[in-house]
Amino acid sequence: MIPAITHADPLINKTYSYFRIGGRTAEDLDKELEKRGPVTRTTGHRHPGATEIKFGGEVTYVEREGRCAVGGAKITLRTHLILPRWNNRRRAEKDLVMIWDALSADIKRHEERHAEIARNYARTLERDLKRLPASRSCQALEKQVAETTRRVLEAHDRDQLRFDQVESKNFDARMMRLLKYRMQQNGR
């Protein structure tokens, strides 16, 4: 009889928090985002939004016939998205509200994508750890687990950075498309 291997996804938790900004002009909004946005560890600068990512988990080992194998791996992922909330939206002019809505939606989409990238890597890490071949000793297997974890998390960090680089290059064109689309929806 062959035991069934169940497929379980990593334990993933996503939360949100908001920071408030004021302002009555586009310039005010820009200054407020620069003044009140979260500081990221990666850059040390303020940003209009951020996603905090924390990987965790555990690996169990089993010894069989003088070899050590991964008995189980359960990866955890906590993502916390920090997004702006504009206080003066209700009192602002329609054009500024439209600009804010486009910008705010783009910030949220961007941070959600960071969380999605992390989720994909949590799944990859769990899968790769479960697939490690048995080793001559649990100490040797622990080293393989550590190396696999390092490799996957470094790839995660590179993909997150690559995503930010692509996004920053395309920001102006993306915002113009969003604004044009919203203007068409509003009959302008």
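The values are calculated or read from the model by the stated rules, or taken from the named source; none is laboratory data. Remember, it's a predicted structure, so these values are computed and weren't measured experimentally. Here the Cβ positions follow ideal geometry from the backbone for every residue, glycine too, while neighbour counts run over all protein chains shown. Quick note on the areas: whole protein, heavy atoms, side chains included, nothing else; ligands and nucleic acids left out. Shrake-Rupley method; radii C 1.70, N 1.55, O 1.52, S 1.80 Å.
Have a look at Pro3, Pro10, Pro48 and point out the one that is surrounded by 17 or more Cβ atoms within 10 Å (Cβ to Cβ) and modelled with pLDDT under 90. The conditions single out Pro10.
Within segment 127-139, the presence of at least one residue that is modelled with pLDDT of 95 or more, in a helix (DSSP H, G or I), over 30 Å from Arg24 (Cβ atoms) and open to solvent by less than 20 Å² (accessible area, probe 1.4 Å) is confirmed. Among the residues of segment 36-52, the ones that are of a type in the set (Val, Ile, Thr) and within 19 Å of Glu116 (Cβ to Cβ) come to 3 in all.
Matching residues to (1) assigned to a strand (DSSP E or B); (2) out of contact with any helix residue (DSSP H, G or I) (no Cβ under 6 Å at 6 or more places or on another chain):
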residue	(1), (2)
Thr42	no, yes
Thr51	yes, no
Ile75	yes, no
Arg85	yes, yes
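Conditions: (1) closer than 23 Å to Gly56 by Cα; (2) assigned to a helix (DSSP H, G or I); (3) open to solvent by less than 80 Å² (accessible area, probe 1.4 Å). Asp157 meets all but one. Number of the miss? If we test Asp157 against (1) closer than 23 Å to Gly56 by Cα; (2) assigned to a helix (DSSP H, G or I); (3) open to solvent by less than 80 Å² (accessible area, probe 1.4 Å), just (3) comes out false.
Regarding Asp95, is this residue touching a strand residue (DSSP E or B) at 6+ places or on another chain (Cβ under 9 Å), open to solvent by 40 Å² or more (accessible area, probe 1.4 Å) and either more than 22 Å from Asp164 (Cβ to Cβ) or modelled with pLDDT of 95 or more (or both)? Taking the combined requirement at face value, the residue does not satisfy it.
Pairs linking a residue in segment 139-162 that is at negative phi to a residue that is open to solvent by 90 Å² or more (accessible area, probe 1.4 Å), with Cβ atoms under 8 Å and 6 or more positions apart or on different chains, are Leu161/Thr42.
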